[in-house]
Amino acid sequence: MVDAEVIAVDTETTGFRVKDGRDYLMGISVAYYLGNLGIMSAYFPVRHESQNLDPSIIHSLKPILESKPLIFHNIKFDLQSLATIGIYPNQRMFCTQQLAHMVNEEWFSKSLDALAKNLLGDKKTKEEVEKWTHAFGWKTIPGDLMDEYARHDAELTLELFAKILWPEARGQELDQLWDTELAYIRLLDKIERRGIKVDQEFCKVKIDIGETRMQDVCDELGFTPTPTNLAKLFFEDLKLPVLTLTPGGKPCLDKKNMEEYDEILSHIDDKRARLVLEYRGWQKAVSALYRSALDHVSPDGRVRPNFKAHGTKTGRLSCTDPNLQQIPRQSSNVWNGDAKRSFTFDEGFKGLEFDYSQLEFRLAAAYGGVDSLLEIFAKDEDPFIPTAIEVFGGIEFRQSAKTLTYSTLYGAGQRRISFALGIDQSAASDVIGRFRELYPGIYSASSKATKLAASRGYVRYWTGRRRHFPNPEFAYKAFNSIIQGGAAELVKHAMLRVDEQICNEDCRMVLTVHDSIVLEVREELADSIIEPVKKLMTDFPQFGVKFSVDCKEWGK
DNA sequence: TTTTTTTGCGCC
DNA sequence: AAACGGCGCAAAAAAA
């Protein structure tokens, strides 16, 4: 290993809860090329229930694993598990999972098995190890029986990197993005390990209130409002009209239609549709939020979600276990309007949420070179007013203007816009035409992106990252990708700056949600960091548009 | 009984 | 000419 240029490393653990130590590393496999000896590999079982190597092997491995260039598949997880035995690599490293995503975000699966099968033609099955894990249980399998399986995974990681992914990344000029990408994943690792504190009492109270209310609603309705039961009441007993159909061809009973049914039923003083909406609101909040928060909380009272940097086509983050990117925003809803209070901060700290204003719209204005919009953004005026006046005929149509703007940036056509604005298709077509006349630059930037995506098969973001369109039929999504993905890249750079220049033990990054960053800051420090953070987040002069960031206290 | 698909809904 | 973009989770329904 000492003579190897680069070493592929894979770790085996007792389970997936390594961030809080409830699971831990059982063994390390390595693979590397050694001159004309070809590929070498080994497995070091250290914390199996039996058949371990002498524990001193960890001390021999530590200096090597903390200095040699390493390759992982899903580096964040392996670094977290290596930490459970006191190994903390901090040198140049690579991750085949992230590289696979950069090289082609369209690949269906980024699992090691799938990539090895598709890119290396690997045919090895897991039958052997599955036999042993079935016989012993994963956590109690003797170390020597894991040897072959573990070594194979390290070998695959090495070959994927050396034969396919790194050469391909260089070919696409993505290799120069890698250092930033690694720094970003390491920042996500830090955020995850820190976690965010859960107000468990608050969640429990909400669950109690919600369950009581849901039971009361069921009693009042005389049934549980499942889609089947609801369809029976609406269409068999009450003979209500079917508004729209689900993709499966059944009457659609989603929130929008339920609001409509509530309106119809209100004329005969029937509150049952409203009750169903309240039931669903509570059900969603209790199960996906309050109970989920308690289910995922570590013994120290914090949740440590999984941020995936390879989770989306555009390069945004995704988040699981729990998904902290879908915490309901502040509202007057009794069931979820104060949901942000589920997450709280250490004694003496407070949460500050830094949100970009109209980040994607500003990028669209920049790419489109729309001077009138650039001027409005420079002065931090309301960017939807011109559309409200010029397209809809008055300032009172601001909400419609906003809907039209974002729908268009998202690639909506006249059918979708007529639906969103509640107007017929010819009116929608009219409105779209006037919007194009108002901002021709945005329209031309968009069609340029579409053409490029269709002819060349990909577009590039401002960082050089690529978004591929193997099927020209979907090239219309290209402009949205440039905007959405470009925003994600911008936020990534902002996060790295804030982490490097602001964050420390008294100011910790705990969460990010697409266009916002949440810091847990010592109270007496809070006022002093607000302006520096805003400055770092908005300082991207190369776009020629002014960016704007608001700061508010979490959940307020 | 177990697994997969559908439906519905939270976020930006 | 026309196409809303990107996610994850849970309960219910359908399929195996």
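Here, each number is a calculation from the coordinates, and none is a lab measurement. All figures in this text were calculated on a predicted structure; none of them were measured in a lab. FYI the Cβ positions are ideal-geometry reconstructions off the backbone, even for glycines, and counts take in every protein chain you see.
A few points about this structure:
- Region A:411-537: radius of gyration over Cα atoms, expressed as a fraction of 2.2 N^0.38 Å: 1.44
- Among A:392, A:235, a tally of other beta-carbon atoms within 10 Å of each Cβ gives an order, fewest to most, of A:235, A:392.
- Charge sum, other residues only, whose C-beta stays under 9 Å from residue A:271's C-beta, Lys/Arg counted +1 and Asp/Glu -1: -2
- The lysines within cross-link reach of residue A:117, meaning a Cα-to-Cα straight distance under 17 Å and a gap of 8 or more places when in the same chain, are A:126, A:163.
- Cβ-based exposure ranking for A:62, A:76, in which fewest neighbours within 10 Å come first: A:62, A:76
- When peptides A:165-176, A:306-317 are ranked by their average number of other Cβ atoms within 10 Å per residue, the highest-first order is A:306-317, A:165-176.
- Cα centroids of region A:72-115 and region A:261-320: 30 Å apart.
- Ratio Rg/Rh [Cα only; Rh per Kirkwood] for region A:279-421: 1.05
- Alpha-carbon Rg/Rh ratio, for region A:107-167, with Rh computed the Kirkwood way: 1.05
- Size of charge dipole - chain A - debye, nearest 20, with Cβ of Lys, Arg +1 and Asp, Glu -1, no other charges: 1020 debye
- Globularity ratio of region A:25-97, using Cα Rg and 2.2 N^0.38 Å: 1.12
- Taking every C-alpha pair closer than 8 Å and separated by at least 6 residues, the mean separation divided by the residue count of chain A gives a relative contact order of 13 percent.
- In order along region A:396-412, the Karplus-derived 3J(HN,Hα) couplings, from 6.51 cos²θ - 1.76 cosθ + 1.60 at θ = phi - 60°, round to 6, 9, 4, 4, 4, 4, 5, 4, 4, 4, 5, 4, 5, 4, 7, x, 5 Hz, and Gly and Pro are given as x.
- Applying the Karplus relation 6.51 cos²θ - 1.76 cosθ + 1.60 with θ = phi - 60° to region A:533-539 yields 3J(HN,Hα) values of 5, 4, 4, 5, 6, 9, 7 Hz, where x marks Gly and Pro.
- Of the peptides A:209-218, A:403-412, the ranking by mean beta-carbon count within 10 Å, highest at the top, reads A:403-412, A:209-218.
- Whole-Å semi-axes of the ellipsoid equivalent to chain A (Cα gyration tensor, √5λ, descending): 44, 32, 25
- Scalar couplings 3J(HN,Hα) for region A:277-294, obtained by applying the Karplus form with A = 6.51, B = -1.76, C = 1.60 to θ = phi - 60°, are 4, 5, 4, 5, x, 5, 4, 4, 5, 5, 7, 8, 10, 5, 5, 4, 4, 5 Hz; x denotes Gly and Pro.
- For A:518, A:9, order by how many other beta-carbon atoms lie within 10 Å, fewest first: A:518, A:9
- Helix A:178-194 axis, angle to chain A major axis (alpha carbon atoms, nearest 10°): 80 degrees
- Other-chain or far-sequence residues with amide H under 5 Å of residue A:546's (modelled H): A:378
- Reduced Cα scattering model of region A:7-195, Debye log10 I(q)/I(0), q = 0.09, 0.10, 0.16 Å⁻¹: -0.32, -0.40, -1.07
- Full-extension gain in nm, residue A:321 to residue A:226, via 0.36 nm per residue minus C-alpha separation: 31.6 nm
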